[in-house]
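Derivation of every value follows stated rules applied to the coordinates shown; laboratory data play no part. No experiment lies behind these values; they were computed from the predicted model shown. Here Cβ is always computed from backbone atoms with ideal geometry, including for glycine, and neighbour counts include all displayed protein chains.
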Amino acid sequence: MCESNKHSENPSHFEAQSAAKEIPTHVDLKWDEYREKIKGFQFFDPHIHMVSRTTDDYQNMAQAGIVAVIEPAFWVGQPRTGLATFKDYYSSLVGWERFRSSQFGIKHYCTIGLNSREANNERLADEVMEILPLYIYKEGVVGIGEIGFDDQTDLEEKYYRLQLELAKEAKLPVQIHTPHRDKKRGTERSMSISLEHGLDPSWVVVDHNNEETVKSVLDQGFYAAFTIYPFTKMGNKRMVSIVEQYGSERIMINSSADWGISDPLAIPKTAALMLEKGISKETIQKVTYTNAIEAFSKSGQLNISDFEVGVASDPSDKYYGNTVLRGGQQPKQNRNSLLIE
Ligand SMILES: [Zn+2]
């Protein structure tokens, strides 16, 4: 076995947790009824794994107002057999996936790094560290990520520290994955190590927060990202309460949608719920769009002009001779029609 995977049966980002504390709602809210209310909003999802998602997802995301995404490099589920699969994966994040996204009208950025789970395979991790500089300086790479702790092992710490140094050298923001188990300790440890390496907390996005971690993250000057992921502690009703309590400064939400049971529409749905709960449009815009842009544009690789007036896509475009249209398809299908033509 080529990695420490005693938890390999886990879903990707989150394990099942005890039932979330419910904010009572008087009605069963239906997305279909609420999507109209957020028409005109633009959303930015700063954490989503599109290589694991379908063309339906891209179409639904664009329709719901998502104009740009960041795809962090992470664990693909299948244990790697060698360095070449990392090369292909990083290449697809800056290549084919970015092209595929553009074909659906969504601007795609990425963060590049060695994720914590795979840091536990030392031989491979050393090889990956050698090739990271070939990718992190590429166009559209807006940070080093997602890095940090999973099982909180010594090897995870070793490669986390090395990558913090890489981020400093490359002048790139850092996107930190915090662990699911023993989260509070892992989050504190991630932050103190990054400060120890001299990183400016305003260049560090601490991800997968919850009520236990948010105060300390914000108090120390870091960005606090929240992942709205089904069947876990962090549902969107609780996200509404967090924004009510902590405001919108340095808070951002994301879907972290991946190959697990997740929701690529988590941001527009949460925005609709916030609107329903009386949160102002300005606040909603900050936590679903502006704050993420502010954090990652420090890379110099993210420009709002790339997507704020829409991402132009030419359906006849090709990427190394390949197009998303198979056999002369038309790019847009009427998704509300029963007929498939
Ligand atoms: Zn992720």
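Taking the simple approach of a point 7 Å from Cα along Cα-to-Cβ for both Lys37 and Arg181, what is their distance in nm?
The modelled label-to-label distance comes out at 4.0 nm.
With Kirkwood's inverse mean 1/r over C-alpha pairs for Rh, give me the Rg to Rh ratio of the chain, two decimals please.
Over the Cα atoms of the chain, Rg/Rh equals 0.95.
Under the rule of -39500 (n - 2.57) per DSSP H run of 4 or more residues, summed and divided by the residues of the chain, what mean residue ellipticity at 222 nm is obtained, to the nearest 500 deg cm²/dmol?
Theoretical 222 nm ellipticity from helices: -10000 deg cm²/dmol.
Under a 10 Å cutoff between Cα atoms, tell me which one of Gly140, Gly300, Gly235 has the largest fluctuation in the Gaussian network model of the chain.
In the Gaussian network model the winner is Gly300.
Distance cut-off 27 Å, Cα to Cα: go down the list Lys171/Lys281; Lys107/Lys171; Lys183/Lys277; Lys286/Lys318 and report the pairs above it.
Cα-Cα > 27 Å for Lys171/Lys281; Lys183/Lys277; Lys286/Lys318; rest within.
Remind me, relative contact order of the chain in percent, using alpha carbon pairs under 8 angstrom and six or more residues apart?
About 22 percent, as a whole number.
Mind checking the dipole of the chain: about its Cα centre, +1 per Lys or Arg Cβ, -1 per Asp or Glu Cβ, Debye to the nearest 20?
600 debye
In nm, to one decimal, how far is the modelled label at Glu139 from the one at Glu196, with both set 7 Å along Cα→Cβ?
For the pair Glu139/Glu196, the computed spacing is 3.9 nm.
Which parts of the range 164-203 would a label at Gln152 reach, counting a residue when its backbone N lies under 11 Å from a point 7 Å out along Cα-to-Cβ?
179-190, by backbone N distance to the label point.
Quick one: of the DSSP bridges fully inside the chain, what percent are antiparallel, nearest 5?
5 percent
Would you kindly state how much longer the chain becomes between Arg123 and Asp56 on full extension, computed as 0.36 nm times their sequence separation minus their alpha carbon distance, in nm to one decimal?
Net length gain for the segment: 20.3 nm.
Near Lys168, which aspartates and glutamates are there with a Cα under 12 Å away, not counting those fewer than 8 places off in the same chain?
Asp200
Any chance you could get the radius of gyration and Dmax over the Cα atoms of the range 35-88, in Å?
14.8, 48
Compute the length gained on full extension between Glu244 and Val309: take 0.36 nm times their separation in residues and subtract their Cα-Cα distance, giving the result in nm to one decimal. If you can, show how the numbers build up before the last one.
Values: separation 65, 0.36 × 65 = 23.40 nm, distance 3.01 nm.
Separation in residues times 0.36 nm, less the Cα-Cα distance, equals 20.4 nm.
Using 1/(1 + (r/R0)^6) with R0 = 35 angstrom and r between the beta carbons of Glu282 and Tyr320, what's the FRET efficiency to the nearest 0.05?
0.25
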